[in-house]
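Novice: One structure follows; several queries about it will come next.
Just so it is clear, none of the values below were taken in a lab; they were calculated from the coordinates. If you're wondering where the values come from, they're calculated on a predicted model, not measured in any experiment. Note that each Cβ is placed from the backbone with ideal geometry, even for glycine, and that neighbours are counted across all protein chains shown.
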Amino acid sequence: MSGIAIWITGLPGSGKSTVADAFKEGHPEFLVLRMDEMRKVVTPAPSYSDAERELLYRSLVFLAKKLSEAGHDVVIDATGNIRRWRKLARELIPGFIEVYLKCGLETCRAREAQRLNTHGAPKDIYAKGEQGAPVPGVNAPYEEPLSPELAIDVERTTAGDAADEIGRFLKKKKNCSG
């Protein structure tokens, strides 16, 4: 009775949290695990070092695995800029689904600069990146998924439509396996 774990990945500002919220609205049984919320508890004064990110992402995968094993469906709302973290989730969680929100860096920068609700993310991420802070897509790598179950161009798709697309994918997957 394992649950599903959907990892919504993309650059900062691509709309991960907004899509996760829209998806949860139509699927209230899903628990949303947000890296930004976890970071505030685990590392209240984050350094964003490679070692810290490794620990946090591995912990997030572990949490999603345990919740999934308990039969809960989860959405992982996290950049997950390094493929090995998403690969680890795929290896450990039988019901793993990777959703990639494709969005150009300039669009992400513009969205991040204008957003009012950061869902717990630090403000002015890209401005901090220009000053040397490690920001995926600026001065830290963002390794795009090689074969996600779903890739959504969020420059041309609204958050609501992206959430609906994830829902249709799940329904189709359920119909094929059940």
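Novice: Given that compact globular proteins tend to follow 2.2 N^0.38 Å, what is the ratio of the alpha-carbon Rg of segment 15-103 to that value?
Specialist: 1.06
Novice: Counting other beta carbons within 10 Å of each residue's own, what order do W7, W85 fall into, fewest first?
Specialist: In increasing order of surrounding Cβ atoms, one gets W85, W7.
Novice: Would you work out if segment 5-171 is rounded, prolate or oblate? Take a ≥ b ≥ c from the square roots of the eigenvalues of the alpha-carbon gyration tensor; rounded if a/c is under 1.5, else prolate when a/b is larger than b/c, oblate otherwise.
Specialist: Note, shape of segment 5-171 comes out oblate.
Novice: Now for a different question. Roughly how many debye, to the nearest 20, is the charge dipole of the chain about its Cα centre, given +1 on each Lys and Arg Cβ, -1 on each Asp and Glu Cβ, and no other charges?
Specialist: 300
Novice: How much length is gained if the chain between E52 and S147 is pulled fully straight, taking 0.36 nm per residue apart and subtracting their Cα-Cα distance, in nm to one decimal?
Specialist: Residue separation times 0.36 nm, minus the Cα-Cα distance, leaves 31.5 nm.
Novice: Using 14 Å as the cut-off for backbone N distance, which residues of segment 64-81 belong to the label zone defined by a point 7 Å from the Cα of V42 along Cα→Cβ?
Specialist: Residues 64-67, 76-81 qualify, since their backbone N sits under 14 Å from the label point.
Novice: Mind giving me the nanometre distance, one decimal, between the label points for N139 and S2, set 7 Å out from Cα along Cα→Cβ?
Specialist: Calculated label separation equals 4.0 nm.
Novice: Measure off 7 Å from each Cα along the Cα-to-Cβ vector at K87 and Q114, then give the distance between these two points in nanometres to one decimal.
Specialist: Spacing of the two 7 Å Cα→Cβ label points: 3.7 nm.
Novice: Also, I was wondering about something else. In the structure shown, do any of K123/K172; K40/K173; K102/K173; K128/K171; K128/K173; K16/K171 have a Cα-Cα gap over 32 Å, and if so which?
Specialist: Violating the 32 Å limit, Cα to Cα: K123/K172; K40/K173; K128/K171; K128/K173.
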